[in-house]
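Comments concern the structure below.
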Amino acid sequence: RQVVKEKRQAIVLIPEIALTYQTVMRFYRTFGERVSIMNSRLSAGERYDQMMRAKKGEIDVMIGPRSALFTPFPSLGLIVIDEEHEAAYKSEQVPRYHARETAIERASLEGASVVLGSATPSMEAFYRCELGEYTLLELKRRTAKAELPEVYTVDMREELQKGNRSILSDRLHELMEDRLKKKEQIILFLNRRGYAGFLSCRSCGYVVKCPHCDVSLAAHNNGKMVCHYCGYEETVAKKCPSCGSPHIGGFRAGTQQIEELVKKEFPQARVLRMDLDTTRSKEGHEKILSAFANEEADILVGTQMIVKGHDFANVTLVGVLAADLSLHANDYRAGERTFQLLTQAAGRAGRGDKPGEVVIQTYSPEHYSIQTAAKQDYHAFYKEEISYRSLMRYPPEWQMLVVFASGEDKAWLDKVMDAMANVVKHMDLMVIGPSEAGFGKINDQYRKVIYIKNKDYETLVKAKNRLEQWIDLNKIRKNLLVNFDFNPMNSY
């Protein structure tokens, strides 16, 4: 309102299409026709029309994903990045820009302000608050004085000992029965992030990790477990190395199985499922969300798209199934992602005037990400996570550059990657690899990565420039694809 009053314009970024409907309605209620929306489902012509309207000054607010950053407003006054911790703000294609850095750069060129909003700020953003580069503003209470939900952490190892082999713990089952009787709504969130097939023990919760990188090993179909940072590998374990139990394996469950199980256990309940399959159509997200908001269903089952920023007043129970799936993804950000997802999920319960409850089902109840998420304590989480990042030399304490290459000729790829590692080795950098990428071969293209670390970002830029010169000099790009990525949001 303030910016529009000053005859300037604002850009509001949201991470996913699933959030568009609720956000747009809020803005329409305030600014009416002076709001426009940008998303990937618009045709090129529709996008062009919206951009021209912005250029002519016919709109004041543009809402959309990271591409909305480039709206040609005549007098930009404000950029708001909602849920700024989301990985979707980093482009996966070249140029691999991050919306946060790009927004700050554009705002400084045009004399505008930037607001980053999140209940679970990214480590990078909070680190800059600690350094005094960003101003930290905290909201200590929920709106309308709503209380935070009661969170229960259920140890699934104990459920197994009691003889319960179901995906639903006894506590969650009990609470679901209670809510259905009271005609209140339930969200069941299956944490599918990082479903790369790590191995865990159902009896003691042990997860097989890389001895060099402290990330979990990914199980491959060839009977090997591999680390995607350094290439370390070992044979898939048949028994738990920690307790000797034969109950060791990957997690096998999808939203569809859970939907079927819920319908069997609670035949009287109306169940909706929200995942990639059910939201393929143009209006897919809106249909499911508005049906749930209108209380046409009792239970909503889904992946992470259902826990982001939605506001359903009648939801009083959230069940988090398999909290560990993202915790043991083979990625140094796994702890941060888990904390964010669990905190966001817990935040969906009790947003109206009825109190909410949350059940987090896990095999690692002692992990700091899960304990701090259950308490909704960001500061405690940040303290633990930043010391781990510092110790292991990961961002934001250190900077990271990934050199990723792929090609049909494996021997040539190996030779070039070894040579590239040697080009930068004497530059006083920490060089890890070359090793196989997460998927060593896709579409007959072999894939390898090198990770380069240093405290100073500019030093890594120099390393990238030197490598690019070497690549051009040796005409490497003729038969290899080589890409560079700074501080990647996802593992390669």
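The values are calculated or read from the model by the stated rules, or taken from the named source; none is laboratory data. This one's a predicted model, so the numbers in the text were calculated from it and none came from an experiment. Cβ coordinates were reconstructed from backbone atoms using ideal geometry, including for glycine residues, and neighbour counts include every protein chain displayed. Surface accessibility is based on the protein's heavy atoms, side chains included, excluding ligands, DNA and RNA. Shrake-Rupley method; radii C 1.70, N 1.55, O 1.52, S 1.80 Å.
Exactly one residue out of Pro149, Pro121 is touching a residue at least 60 places away in the same chain (Cβ under 8 Å), crowded, with 19+ Cβ neighbours inside 10 Å, under 30 Å from Lys90 (Cβ atoms) and not hydroxyl-bearing (Ser, Thr, Tyr): that is Pro121.
Yes/no per residue for (1) among the aliphatic types (A, V, I, L, M); (2) touching an Asp or Glu at 6+ places or on another chain (Cβ under 8 Å):
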position	(1), (2)
Arg389	no, yes
Phe404	no, yes
Ile432	yes, no
Lys441	no, no
Gln445	no, yes
Ile450	yes, no
Tyr457	no, no
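Across the range 464-477, which residue is nearest to Ala421 (Cα to Cα) among those that are free of Cβ contacts under 8 Å to residues at least 40 places away in the same chain and open to solvent by 90 Å² or more (accessible area, probe 1.4 Å)? Among those that are free of Cβ contacts under 8 Å to residues at least 40 places away in the same chain and open to solvent by 90 Å² or more (accessible area, probe 1.4 Å), it is Gln469.
Only one of these is over 21 Å from the mean Cα position of the chain (by Cα), buried (at least 16 other Cβ atoms within 10 Å of the Cβ) and over 27 Å from Asp214 (Cα atoms): Leu480, Leu460. Name it.
Details: Leu460 fails: over 27 Å from Asp214 (Cα atoms).
Exactly one of Leu480, Leu460 is over 21 Å from the mean Cα position of the chain (by Cα), buried (at least 16 other Cβ atoms within 10 Å of the Cβ) and over 27 Å from Asp214 (Cα atoms), namely Leu480.
Step by step: first the residues of the range 22-59, then only those that are in contact with a helix residue (DSSP H, G or I) (Cβ under 6 Å, 6 or more places away or on another chain) and open to solvent by 20 Å² or more (accessible area, probe 1.4 Å), then the one that is modelled with the highest pLDDT. Which residue is that? The qualifying residue modelled with the highest pLDDT is Ile37.
Taking the numbered list (1) assigned to a helix (DSSP H, G or I); (2) open to solvent by 20 Å² or more (accessible area, probe 1.4 Å); (3) at pLDDT 95 or above in turn, Ala88 passes all entries but (3).
Taking the listed residues Met392, Met305, the one that is over 20 Å from the mean Cα position of the chain (by Cα) and open to solvent by 10 Å² or more (accessible area, probe 1.4 Å) is Met392, with no other qualifying. When we screen Val424, Val402 for residues that are modelled with pLDDT of 95 or more and under 23 Å from His212 (Cβ atoms), the only hit is Val402.
Taken as a whole, the range 321-332 holds at least one residue that is open to solvent by less than 10 Å² (accessible area, probe 1.4 Å), in contact with a helix residue (DSSP H, G or I) (Cβ under 8 Å, 6 or more places away or on another chain), assigned to a loop (DSSP other than H, G, I, E, B) and modelled with pLDDT under 95. Applying the set (1) more than 28 Å from Leu481 (Cα to Cα); (2) among the charged types (D, E, K, R); (3) surrounded by 17 or more Cβ atoms within 10 Å (Cβ to Cβ) to Lys448 leaves exactly one unmet item: (1). Filter the range 371-399 down to residues that are among the aliphatic types (A, V, I, L, M) and modelled with pLDDT under 95 and give me whichever is farthest from Tyr492 (Cα to Cα). Ranking the candidates gives Ala374 first.
Return the residues of the range 217-263 that are aliphatic (A, V, I, L, M) and free of Cβ contacts under 8 Å to residues at least 24 places away in the same chain; say none if nothing qualifies. Outline the logic, then answer.
First, pick out the residues of the range 217-263 that are aliphatic (A, V, I, L, M): 217-219, 225-226, 236-237, 248, 253, 258, 261-262.
The answer is none; no residue qualifies.
Scanning the range 161-172 for residues that are open to solvent by less than 40 Å² (accessible area, probe 1.4 Å) and either aliphatic (A, V, I, L, M) or in a helix (DSSP H, G or I) (or both) yields Leu168, Leu172.
Would the range 212-222 turn up any residue that is more than 27 Å from the chain's Cα centre (by Cα) and surrounded by fewer than 18 Cβ atoms within 10 Å (Cβ to Cβ)? Before the answer, list the steps.
Of the residues in the range 212-222, the ones more than 27 Å from the chain's Cα centre (by Cα) are 222.
Next, from what is left, pick out any that are surrounded by fewer than 18 Cβ atoms within 10 Å (Cβ to Cβ): 222.
Among the residues of the range 212-222, at least one is more than 27 Å from the chain's Cα centre (by Cα) and surrounded by fewer than 18 Cβ atoms within 10 Å (Cβ to Cβ), which makes the answer yes.
If you go through the range 344-359 and keep only what is buried (at least 24 other Cβ atoms within 10 Å of the Cβ) and either over 18 Å from the mean Cα position of the chain (by Cα) or modelled with pLDDT of 90 or more (or both), you end up with Ala349, Val358, Val359.
Going through the range 92-118 one residue at a time, which ones are over 14 Å from Ala10 (Cα atoms), charged (D, E, K, R) and either assigned to a strand (DSSP E or B) or open to solvent by less than 70 Å² (accessible area, probe 1.4 Å) (or both)? Matches in the range 92-118: Arg96, Arg100.
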